[in-house]
Every structure is written in C-alpha cells, then in structure tokens.
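> Could you have a look at this structure, given as structure tokens, before my questions?
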Amino acid sequence: MKRILTDLNIKNKTVLLRADFNVPLDENGNILDDTRIYEELPTIKYILKQNAKLIICSHLGRPKGKYNSKYSMFPVAQHLVRYLSNKIHFAVDVVGPDAMEKAKNLKAGEILILENLRFYEEEENNDYYFAKKLASMADVYVNDAFGTIHRKHASIYRVAKFLPENAMGFLVGKEINTITRAIENPNRPLIAILGGAKVADKIGVVKNLMEKADKVLIGGAMAFTFLKAEGYDVGKSIVDENSIEVAREILEKAKNEGKEIILPVDVAASETFSANAYPKIFNVDDIPENYMGLDIGPKTIKLYKDIIKKGKTFIWNGPMGVFEFVNFIDGTEAIAKAIANAKGFSIVGGGDSVAAIKMLKLENKISHISTGGGASLAILEGGDVPGLDALTDVKEV
Ligand code: AMP
C-alpha cells in the first residue's frame, strides 16, 4: 500500500507538495475556474497545521520549456491569499537562486510557491539534476497532482527518488481509492462505457476493462475502428487504421473468453463534418460510402440504456458522438442521463464526458467526477502510473 499524507510525520519538516494548479486563464491572466486550487486546500491546510513549512510546485499551461509570463504561477499565488491566512512567498524560478534562498528562509506555517515547472524543459525530461535540486529544498515529498500522475516528469517521478519520505496527498488518495475500488471490488454488474476519438489512448483500457467489467459498451469515433475490425464498411467515419489489428485481437479474445464488448448497432451519420449537418440513421451494416458516423443511433441508445439500468457500478470515459454539434448530442446526452439516474456508483472521467455532465447539470448525480482524464485512463488501463510507482511502498511487517 502506498502511503497517504496522514501516514507521514511531517511536524516541523519542510514539505514539497506537487500540486495541480493548471487552472484555465483568460487572455488577461484572470483565473476562470479555481476548482483545482480550491480542491487542494484540504491537503495544504493539513500540512500547515502540522507546523510544517510548505513548498508548492505545479505546472500551468504548455509553455514548452521556456519562460512565458502568460503562464506565470504568480496569479495562483495571489489567488491562494483569498483562502489562507498564512504568509505566502513567491519564487520567480523553480530550482534557481530565488527559490533556494526563499526555501532556506521559510518559517513553519508559511508557504513558498515556485514558478511554473514547465518553464524548464528539465521538468518534462524527467531530469536528474532538476529533480535533485527540487528535492534538496525539502525533507518530505507529497504528490497531490492527480491530473499529471501518469507523466514521467521530474516533479512527479524522479523527485521521489531523492525524498523517500513521501506519500500521496488527499486528492490523489481519493481518486486512486475510488477508481481502484470500482475496478477491483465493484458492486456488480460493472458497466464500462468508452467513447471519444482517440482509440490508441483507450485500447489498453478496453483490454483491461474487458477482464474486470461485466460489459464494455463502446461509442464515439472509436466504435468505428472496432466495427471495421469486425468487417463492417464504415464509410467516411473516423477510423484509426493503426489500431484495427489490436481491436480485432481484443474482439476475438472477448469472444473466446465469453467477455462482453458491445458495439453500436446503428449510427447517426452525415455527409459532412459540420455543426449544421443533418443526421441520418443507418444500421451499422448499411453505412453508405459517403457518410460518416457522428453519433450512436436510437437503437443503440436503447440497447445501452437498458444495460445501464441493470448496472450497479459505472465507469464512463469519452462521449458517444460529436456532442459539440447539437444534432449529434443525443447519444452522449442519453448515456449521461442514464448513468446519472441509475442506482449505483458512477465514475466519470475525461474532459469531454465531464463537460457533457456539467452542460446537462448532472454533476450532483454522479458519485465521482475524476479531475484527471488521462490519469484516470492510465489507472483504468492497469499499467504503469509513474507518479504512483515512484512513491515508496510501506513495507509489510
Ligand atoms: P477523446 O478525447 O478521445 O475522448 O475524444 C473526444 C472527442 O471525440 C470529442 O471532441 C468528440 O467530438 C469526438 N467524437 C466523438 N464521436 C465522434 C465521431 N463519431 N466522429 C468524430 N469525432 C467524434
């Protein structure tokens, strides 16, 4: 078992906290949504209550290894003042002289916010010296950046090697426990619903969930790669040619082992990819050459809704269609509502599915909305999760 923050003795120590303060900003640098800051407060407050000194590092946006004032962490530091009465310092670098000096002079109960980690290419390169210098400022390392836990970056992965006194923060702990429990020890039936466009990102998830879930329902553009693997002509629908073979193997394995991967039986399609395209419904064995499937069709909606009604645990990642186009939102809307209204435990992850849930104002009817799309996929895939693998295991006595 990995340790969680409360397992560590951090009294009077200096804690390096990797947070996820990657908040959306407008063109003037104003924070548009401070959820990520707000949700980090329990971890921050707990650390400060232990009379510890707190150094926080995070990335913001994609500055690609170069300083860019647009992505400075300074507005985040200013914003934190609203929620905390503790003294907050700001360093204009990450492992440079300003950070080192301010870390050295930091007092118990005070916070030092470092500048954006991604102003330095060493961060994404998982650089040895960068991680070592970052670690040298602290005694203890806490990772609470769930959104980037699947990245092998210096502040996520290598830093933990230099600070063996380490643990997950409360946010990461909650995400990991919730998602792991849903796949390892769920109330059954466990229904996984996967959609979206990036098949390559999700093929490993289908593979793993096929073993864990009672049924895997597939929608979105990724359905067409699976349909094509089954031998259907899918017209102009998006197909990931490189993933067809793996999709075929997965479907074959599912058949041989009696696992249920369910594909759409009909689709809403159009001749063009455009917001005002008019949807026409076709069975999947009847998609014309010049049409592309942009949503699941009504028979599929009914089929999936009936399955969801009987489920007890749900994992949903990825929209059922191009829900950004009002004419192709039906599948995503119906599935979102079915999950929200089902009696059971539901987890929704991935930017687009979460956006659909919020758009439909169903947040309160979902048991757990994951704060990390890619990160939650990495856990669902069951493979390596660098940020977790880096944390020290508690030895069994
Ligand atoms: P992902 O990031 O893989 O979850 O993909 C999300 C995106 O997939 C959304 O922007 C959807 O518009 C898009 N999408 C879903 N279904 C389809 C489809 N049938 N054809 C094209 N794009 C789709």
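The values are calculated or read from the model by the stated rules, or taken from the named source; none is laboratory data. Source: prediction; values computed, not measured. Note that we place each Cβ from the backbone using ideal geometry, even for glycine, and neighbour counts take in every protein chain shown. Quick note on the areas: whole protein, heavy atoms, side chains included, nothing else; ligands and nucleic acids left out. Shrake-Rupley method; radii C 1.70, N 1.55, O 1.52, S 1.80 Å.
> Out of the residues in the range 345-354 meeting the condition of being of a type in the set (A, V, I, L, M, F, W, C) and within 16 Å of the ligand (Cβ to nearest atom), tell me which one is surrounded by the fewest Cβ atoms within 10 Å (Cβ to Cβ).
Quick first cut of the range 345-354, residues of a type in the set (A, V, I, L, M, F, W, C) only: 345, 347-348, 354.
Next, only the ones that are within 16 Å of the ligand (Cβ to nearest atom) stay: 347-348, 354.
Values: 347: 25, 348: 25, 354: 19.
Per the stated criteria, the residue is 354.
> For the range 309-327, name all the residues that are part of a loop (DSSP other than H, G, I, E, B), more than 12 Å from residue 197 (Cβ to Cβ) and within 16 Å of the ligand (Cβ to nearest atom).
Step one: of the range 309-327, the residues part of a loop (DSSP other than H, G, I, E, B) are 310-312, 318-325.
Still in the list and also more than 12 Å from residue 197 (Cβ to Cβ): 310-312, 325.
Correct list: 325 only.
> Which members of the range 273-300 meet the condition of being open to solvent by 60 Å² or more (accessible area, probe 1.4 Å), within 14 Å of the ligand (Cβ to nearest atom) and free of Cβ contacts under 8 Å to residues at least 40 places away in the same chain?
Hits for the range 273-300 are 280, 281.
> Residues that are touching a Ser or Thr at 6+ places or on another chain (Cβ under 6 Å): list the strands (runs of 3 or more DSSP E) wholly contained in the range 46-129 that include at least 2 such residues.
Filter on the range 46-129 gives 53-57.
> Next up: State yes or no: is residue 256 under 22 Å from residue 345 (Cα atoms) and either open to solvent by 80 Å² or more (accessible area, probe 1.4 Å) or modelled with pLDDT under 95 (or both)? It would help to see each step written out before you state the result.
Numbers: under 22 Å from residue 345 (Cα atoms): no; either open to solvent by 80 Å² or more (accessible area, probe 1.4 Å) or modelled with pLDDT under 95 (or both): yes.
For residue 256, the condition - under 22 Å from residue 345 (Cα atoms) and either open to solvent by 80 Å² or more (accessible area, probe 1.4 Å) or modelled with pLDDT under 95 (or both) - is not met.
> For the range 355-368, enumerate the residues that are open to solvent by 20 Å² or more (accessible area, probe 1.4 Å) and either out of contact with any helix residue (DSSP H, G or I) (no Cβ under 9 Å at 6 or more places or on another chain) or within 15 Å of the ligand (Cβ to nearest atom) (or both).
355, 358, 359, 361
> Looking for something more than 25 Å from residue 184 (Cα to Cα), away from the ligand (no atom under 16 Å from the Cβ) and not aliphatic (A, V, I, L, M) - is there at least one such residue anywhere in the range 378-392? If you could, list the steps in order and put the result at the bottom.
Let us first name the residues in the range 378-392 that are more than 25 Å from residue 184 (Cα to Cα), namely none.
No, because not a single residue in the range 378-392 is more than 25 Å from residue 184 (Cα to Cα), away from the ligand (no atom under 16 Å from the Cβ) and not aliphatic (A, V, I, L, M).
> When you check residue 364 against the structure, is it in contact with a Phe, Trp or Tyr (Cβ under 7 Å, 6 or more places away or on another chain), modelled with pLDDT of 95 or more, more than 19 Å from residue 305 (Cβ to Cβ) and in a helix (DSSP H, G or I), yes or no?
Values: in contact with a Phe, Trp or Tyr (Cβ under 7 Å, 6 or more places away or on another chain): no; modelled with pLDDT of 95 or more: yes; more than 19 Å from residue 305 (Cβ to Cβ): yes; in a helix (DSSP H, G or I): yes.
Considered against the rule, which asks whether it is in contact with a Phe, Trp or Tyr (Cβ under 7 Å, 6 or more places away or on another chain), modelled with pLDDT of 95 or more, more than 19 Å from residue 305 (Cβ to Cβ) and in a helix (DSSP H, G or I), residue 364 comes out as no.
> Right, another one. Quick one: which residue in 218, 238 is within 12 Å of the ligand (Cβ to nearest atom), touching a residue at least 24 places away in the same chain (Cβ under 8 Å), surrounded by fewer than 22 Cβ atoms within 10 Å (Cβ to Cβ) and under 22 Å from residue 352 (Cβ atoms)? Spell out how you get there, then give the answer.
Details: 218 fails: surrounded by fewer than 22 Cβ atoms within 10 Å (Cβ to Cβ).
Answer to the selection: 238.
> Within the range 130-143, how many residues are within 11 Å of residue 160 (Cβ to Cβ) and assigned to a helix (DSSP H, G or I)?
Count: 3.
> Still on this structure, please answer the following. Which is modelled with pLDDT under 95, β-branched (Val, Ile, Thr) and more than 22 Å from residue 126 (Cβ to Cβ), of 35, 43, 14? First the steps, then the outcome.
Values: 43 fails: modelled with pLDDT under 95; 14 fails: modelled with pLDDT under 95.
Exactly one of 35, 43, 14 is modelled with pLDDT under 95, β-branched (Val, Ile, Thr) and more than 22 Å from residue 126 (Cβ to Cβ), namely 35.
> Restricting attention to the range 335-361, which residues are among the charged types (D, E, K, R) and assigned to a strand (DSSP E or B)? Quick ask: steps written out before the conclusion?
Taking the range 335-361 first, the residues among the charged types (D, E, K, R) are 337, 343, 352, 358, 361.
If the condition is that a residue be among the charged types (D, E, K, R) and assigned to a strand (DSSP E or B), then no residue fits.
> How many of the residues making up the range 1-43 are under 16 Å from residue 59 (Cα atoms), part of a helix (DSSP H, G or I) and open to solvent by less than 40 Å² (accessible area, probe 1.4 Å)?
Residues meeting the conditions: 1.
> What do you reckon, is residue 332 within 11 Å of the ligand (Cβ to nearest atom), within 28 Å of the chain's Cα centre (by Cα) and in a helix (DSSP H, G or I)? Show your work before the answer.
Numbers: within 11 Å of the ligand (Cβ to nearest atom): yes; within 28 Å of the chain's Cα centre (by Cα): yes; in a helix (DSSP H, G or I): yes.
Yes, satisfied.
> Do we find that residue 204 is out of contact with any helix residue (DSSP H, G or I) (no Cβ under 6 Å at 6 or more places or on another chain), under 27 Å from residue 146 (Cβ atoms) and open to solvent by less than 20 Å² (accessible area, probe 1.4 Å) in this structure? I'd like the intermediate steps shown before the answer.
Numbers: out of contact with any helix residue (DSSP H, G or I) (no Cβ under 6 Å at 6 or more places or on another chain): no; under 27 Å from residue 146 (Cβ atoms): yes; open to solvent by less than 20 Å² (accessible area, probe 1.4 Å): yes.
No.
> Please work out if residue 272 is out of contact with any Phe, Trp or Tyr (no Cβ under 9 Å at 6 or more places or on another chain), polar (S, T, N, Q) and either at pLDDT below 95 or not in a loop (DSSP other than H, G, I, E, B) (or both).
Working: out of contact with any Phe, Trp or Tyr (no Cβ under 9 Å at 6 or more places or on another chain): yes; polar (S, T, N, Q): yes; either at pLDDT below 95 or not in a loop (DSSP other than H, G, I, E, B) (or both): no.
No: the conditions fail for residue 272.
> Now for a different question. Run down 247, 223 and say which single residue is assigned by TED's automatic domain parsing to the domain that holds residue 282, away from the ligand (no atom under 11 Å from the Cβ) and surrounded by 17 or more Cβ atoms within 10 Å (Cβ to Cβ). Don't jump to the end; show me each part of the working.
Working: 223 fails: away from the ligand (no atom under 11 Å from the Cβ).
Result: 247 is the single residue among 247, 223 that is assigned by TED's automatic domain parsing to the domain that holds residue 282, away from the ligand (no atom under 11 Å from the Cβ) and surrounded by 17 or more Cβ atoms within 10 Å (Cβ to Cβ).
> Condition first: modelled with pLDDT of 95 or more and among the acidic types (Asp, Glu). Can you find one or more residues in the range 99-111 that meet it?
Here is the first cut: in the range 99-111, the ones modelled with pLDDT of 95 or more are 99-111.
Then keep just the ones that are among the acidic types (Asp, Glu); that gives 101, 110.
Within the range 99-111, one or more residues are modelled with pLDDT of 95 or more and among the acidic types (Asp, Glu).
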